[in-house]
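Shown next, in structure tokens, is the structure this report addresses.
The values are calculated or read from the model by the stated rules, or taken from the named source; none is laboratory data. Quick caveat: nothing in here was measured; it's all calculated off a predicted structure. Cβ coordinates were reconstructed from backbone atoms using ideal geometry, including for glycine residues, and neighbour counts include every protein chain displayed.
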Amino acid sequence: MRAAVELFGGRAYDGVSVDDLVSHLGVHRNSLYKTFGSKRGLYLIALRRHLADDVRPLLDALGGAPDAEAALRLVTAADLRLLLLATVERAPVDEEVASEVTAALAAVDRAIADALGVPADLAAALTATALGILLRGNTDNVATALTRHLDPLP
Amino acid sequence: MALIRIDGDDLVVVMEGFDKLWAFKGSLTIPLANVRGVTADPGIATDPKGIRAPGSHVPGVITAGTFHQDGEKVFWDVRDASKAVVIELADERYARLVLQVDDPRAAVALVEKALA
């Protein structure tokens, strides 16, 4: 299933063919259909696996974040490729994906809010910033520059 | 070529033209509850299909009819592999249908929306 997480996290949903899944997962096409029902069925399981394997540990790590900069660094250092792609690409067209993505991002918000003792909306802003930094690709300087200009958090 | 539509709580597959000669009386109605999913899969046509009976299989030209593979019955009607979709079923005569549709992306969206 990690192979499916890697595949779906590495390129667009439509860019992953059943041929790709069959060869990377090492299963027969028939058993892929029998087990997962469809490419979408497999995708949902891969997404949940990603949330358990990659997002869950991030939540635990965020629990120990001492300040906003540390929280931003933890999020930008995590492997969130499938979550980001799912958010941008599949959530708008797939309600089940949307609800998984929404719940995962809300959990990140909560972890930040609890660790830093900040209101939920500020925590959500920090999550949004971290995801934005991930998309931009510059994970070092922007987080420092931003947090330097933030009011000291309580 | 197959036409796929949703009729209430059913998925209806209608075979067009000559395909109905070797297909199930021209159409098949399946409760949506027995539809596990649908996938556009142009690559499936190059896979081994199992043993045909009855139907028509001219390799490289047309695959149509009932095939038996790994203890499952699979219905095929594909001429143009690039337009193949796979509909996975449960508790039906066929384990899955491999059909040629006009617009695979639209067919997948239609069935997934009905299943949601």
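Output the qualifying pairs, or none if there are none: Cβ atoms under 6 angstrom, residues six or more apart or on different chains, first residue in segment A:107-133 and touching a residue at least 60 places away in the same chain (Cβ under 8 Å), second residue assigned to a helix (DSSP H, G or I) and surrounded by fewer than 18 Cβ atoms within 10 Å (Cβ to Cβ).
The qualifying pairs are A:Ile133/A:Val142.
Return the pair list, or none, for Cβ contacts closer than 8 Å from residues in segment A:15-32 that are at the interface with another protein chain (Cβ under 10 Å from one of its Cβ atoms) and assigned to a helix (DSSP H, G or I) to residues that are of a type in the set (D, E, K, R) and exposed (fewer than 14 other Cβ atoms within 10 Å of the Cβ), at least 6 apart or on different chains.
A:Asn30/B:Asp70
Scan segment A:85-135 for residues that are aliphatic (A, V, I, L, M) and over 29 Å from A:Val16 (Cα atoms) and report the count.
First, pick out the residues of segment A:85-135 that are aliphatic (A, V, I, L, M): A:85-86, A:88, A:91, A:93, A:97-98, A:101, A:103-108, A:111-113, A:115-116, A:118, A:120, A:122-126, A:128, A:130-131, A:133-135.
Next cut, over 29 Å from A:Val16 (Cα atoms) only: A:111-113, A:115-116, A:118, A:120, A:122-126.
Matching residues across segment A:85-135 total 12.
Quick one: which strands (runs of 3 or more DSSP E) sit completely within segment B:1-66 and have at least 2 residues that are at pLDDT 95 or above, within 14 Å of chain A (Cβ to nearest Cβ) and surrounded by 17 or more Cβ atoms within 10 Å (Cβ to Cβ)?
Numbers: elements: B:2-7, B:10-15, B:27-31, B:35-40, B:51-58.
Answer list for segment B:1-66: B:35-40.
Which members of segment B:81-93 meet the condition of being within 12 Å of another protein chain (Cβ to nearest Cβ) and either among the aliphatic types (A, V, I, L, M) or not in a strand (DSSP E or B) (or both)?
Keep residues of segment B:81-93 that are within 12 Å of another protein chain (Cβ to nearest Cβ), which gives B:81-82, B:84-90.
Listed by number, the residues that qualify are B:Ala81, B:Ser82, B:Ala84, B:Val85, B:Val86, B:Ile87, B:Leu89, B:Ala90.
Which count do you get for residues in segment B:94-112 that are free of Cβ contacts under 8 Å to residues at least 60 places away in the same chain, of a type outside the set (Gly, Ala, Ser) and within 11 Å of another protein chain (Cβ to nearest Cβ)?
Looking only at that region, the number is 2.
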